[in-house]
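Data block below; observations after.
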Amino acid sequence: MAYNRTATNTLPLQAHGITVVETPGRAVEQAEYVLLALTDAAAIRSVLLSPPCSASLKGKTIIQMGTIGSRESLAFQHAVEECGGSYCESPVLGSRAEAKAGTLLVMVGASEHQFIRVLPLLRSLGREPRLIGPVGSAAAIKLALNQLIAAEMSAFAVSVGLVQRSGLPIDTFMAILRDSALFAPMFEKKLPRLLKRDYHQPNFSTRHLFKDVELCVEEATACGLTTSNLEGIRAVLAETIAQGLGEVDYSALYERINPATKPPDS
């Protein structure tokens, strides 16, 4: 049984015979395990803790899969347990292709007892779900990983732009990069988008990456870390969104770093 805040997104599910309901409360009522895949903490709060839904949480196991802050996740655990339910977090690394293949990297923040109970379900998403620690720990790991997405993509965009504007072959640059310890598979995957400046059909949007970088800046600052590098990336992402590229693939930050029209020499 499934519920989506955007009803049209459920059409492919219905085509596969999955029952779609019109309210989250109805979905929770009929389920023993509830998987949440929502944009941010505000969306989770509006869906999960609205009175019709929260009244149905008793005896249910909530598996929260979105990318949120560790303190936000702990707050949801407290709220769900107050309603008589059980809460754990299970953010994933990977996109649509990995989800379809069941090869997502699944991280779990839960007690050992909870982890054992939800493991058979999570194995349908990834081969070896990892118990990271208690609630909050998997959320922290996911933010640490997602900030690498932003850092690597922005660095790669600068490198590609520098090579192009120097009049050098991208193939030469990539051949050297592939043979080095600097190479990341994401570079190969995103390069065609940069060269074509085509960011449609995103697996992960600029707006979502901006949200995750914001969360990481907040959590890193609370830990006493210096975040000036991340704040620079956050500004680039914000400017990319301001250019109307918030809903396309996050590699669109290339448009801000290396605009198609070269600015005149000052």
Every pair of residues 6+ apart whose Cβ atoms lie under 9 Å, when the first sits in the range 180-194 and is exposed (fewer than 14 other Cβ atoms within 10 Å of the Cβ) while the second is not in a helix (DSSP H, G or I): P192/D198
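Rundown of residues vs (1) on the phi > 0 side of the Ramachandran plot; (2) touching a residue at least 40 places away in the same chain (Cβ under 8 Å), yes/no style:
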{"residue": "R5", "(1), (2)": "no, yes"}
{"residue": "G17", "(1), (2)": "yes, no"}
{"residue": "V21", "(1), (2)": "no, no"}
{"residue": "G25", "(1), (2)": "no, no"}
{"residue": "S46", "(1), (2)": "no, no"}
{"residue": "I63", "(1), (2)": "no, yes"}
{"residue": "G66", "(1), (2)": "no, no"}
Residue among E22, E32 that is surrounded by fewer than 14 Cβ atoms within 10 Å (Cβ to Cβ), more than 24 Å from the chain's Cα centre (by Cα), in the same structural domain as Y87 (by TED's automatic domain parsing) and modelled with pLDDT of 90 or more: E32
Residue check for D212: part of a helix (DSSP H, G or I), among the acidic types (D, E), surrounded by fewer than 13 Cβ atoms within 10 Å (Cβ to Cβ) and outside the structural domain of S90 (by TED's automatic domain parsing): no
Out of L194, L253, L245, L237, sole residue that is in contact with an Asp or Glu (Cβ under 8 Å, 6 or more places away or on another chain) and either in a helix (DSSP H, G or I) or not β-branched (V, I, T) (or both): L245
Selection count, the range 50-64, where residues are surrounded by fewer than 16 Cβ atoms within 10 Å (Cβ to Cβ) and within 27 Å of L131 (Cα to Cα): 2
Qualifying residue in the range 129-136 (condition: in the same structural domain as S95 (by TED's automatic domain parsing) and either in a helix (DSSP H, G or I) or out of contact with any Gly (no Cβ under 9 Å at 6 or more places or on another chain) (or both)): yes
Selection status of F204, of a type in the set (F, W, Y) and surrounded by fewer than 20 Cβ atoms within 10 Å (Cβ to Cβ): yes
Some residue of the range 74-95 being touching a residue at least 60 places away in the same chain (Cβ under 8 Å), closer than 29 Å to E218 by Cα and not in a loop (DSSP other than H, G, I, E, B): yes
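The values are calculated or read from the model by the stated rules, or taken from the named source; none is laboratory data. Since the structure is predicted, the reported quantities are computational estimates derived from the model, not experimental observations. Every residue, glycine among them, receives a Cβ derived from its backbone with ideal geometry; neighbour counts consider all protein chains shown.
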